Amino acid sequence: MKISIHNHRSLFALIASMLLWTASSPLLSQEFEVSLEISSSLGSVGGGITNLEFGMSEGASDGFIPGEDEYANPTSGSASSEFHAWIDLDGDNWTRCILSPQESDTLAVISLGFYQTNPIFLQWNPLDIPETGNFRIEDAFGGSFLSIDLREHDSILIENIALTTLILRVTPPLAEDFIRGDFNQDQSVNLADTIATLEHLFGFSQTDENLTCPKAGDINDDGDLNISDPIFALAHLFNGGPPPGEPFPTCGTDFTPDGLTCQQSCP
């Protein structure tokens with residue numbers, strides 16, 4: 001779905017840059033990366049395409065790392081007769097900025113330089129946005145005029161040349177750290193987990209509204225939560241069957257891609 005933004009007040013132009021803003025959160029964050037393709041009048045004078053990437057990765061630094069981060073072209077952020085776009089953090093201009101995982105909300109400034117009155121088009125792939133957390137593009141006034149969920153839309157057309165500052169607001173996704181088979185999230189794998197899984201599958205559970213980690217119930221790691229999981233669990237617990245796959249028996253991360261989620265990290 002494309003959204004067209006135009007005729008906003010020129011006050012947007014008054015905000016030139018913002019620093020990272022944080023608010024405390026007790027949850028561990030998961031790694032992520034958001035990619036934006038920003039273009040203007042492709043094929044005409046003063047047009048072009050800029051790709052911006054912003055994310056968090058374990059082991060990354062909050063400063064510049066060659067090969068991992070990338071500063072914007074020197075013309076970015078300065079007076080220029082051509083279209084340009086960049087991420088403004090701590091007074092530096094970036095086209096790719098990877099930070100260490102944060103346990104807090106983060107605001108990253110997207111600065112736009114228009115070529116004459118040509119509109120600017122931003123697009124991204126919603127399927128690449130993590131299922132948990134919050135990823136929004138807002139105006140510089142906290143979303144008073146513009147607030148777009150990146151999971152629900154795939155592009156924005158900016159037609160007002162006064163709208164030179166956008167905010168990428170990120171609430172980091174929850175870390176998917178769990179113990180495979182620990183369906184009731186009590187930090188151990190036992191018969192109680194099998195019973196809880198059966199109650200969930202057959203609609204007898206009274207606590208499904210609080211189910212935060214269905215991924216942990218996929219004890220046989222086939223990418224689905226179904227009757228084969230409690231059967232696998234019983235074979236493991238009472239008949240010498242194979243143990244669950246990683247992460248097991250300690251808390252960790254699932255490296256097998258599937259559609260199941262976990263919105264609760266281990267204590």
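Laboratory data are not the source of any read-out in this text; all were calculated from the coordinates shown. This is a predicted model, so every value here is computed, not measured. Positions of Cβ are backbone-derived with ideal geometry, glycine not excepted, and every protein chain shown enters the neighbour counts.
Can you tell me the order of 92-104, 145-157, 161-173 when each peptide is scored by its average per-residue count of other Cβ atoms within 10 angstrom, highest first?
The peptides rank, most packed first, as 161-173, 92-104, 145-157.
Please report 35, 188, 41 as a ranked list, fewest other C-beta atoms within 10 angstrom at the top and most at the bottom.
188, 35, 41
Calculate log10 I(q)/I(0) of region 177-253 for q = 0.14, 0.16, 0.21 Å⁻¹, where I(q) comes from the Debye formula with a single equal point scatterer on each Cα and nothing for solvent.
-0.36, -0.48, -0.85
Taking the mean number of other Cβ atoms within 10 Å as a proxy for protection, how do you rank 241-247, 253-259 from highest to lowest?
Result, highest mean first: 241-247, 253-259.
Just to check I understand the Karplus step: with θ = phi - 60° and J = 6.51 cos²θ - 1.76 cosθ + 1.60, what whole-Hz values come out for region 181-196, glycine and proline as x?
Whole-Hz 3J(HN,Hα) from phi for region 181-196: x, 7, 5, 8, 6, 9, 6, 8, 10, 8, 4, 4, 5, 5, 4, 4.
Past the 13 angstrom mark, what percentage of all C-alpha to C-alpha distances in region 213-267 do you count?
Beyond 13 Å sits 58 percent of the P(r) for region 213-267.
Using mean Cβ contacts within 10 Å as the protection proxy, how do 105-114, 220-229 order, highest first?
105-114, 220-229
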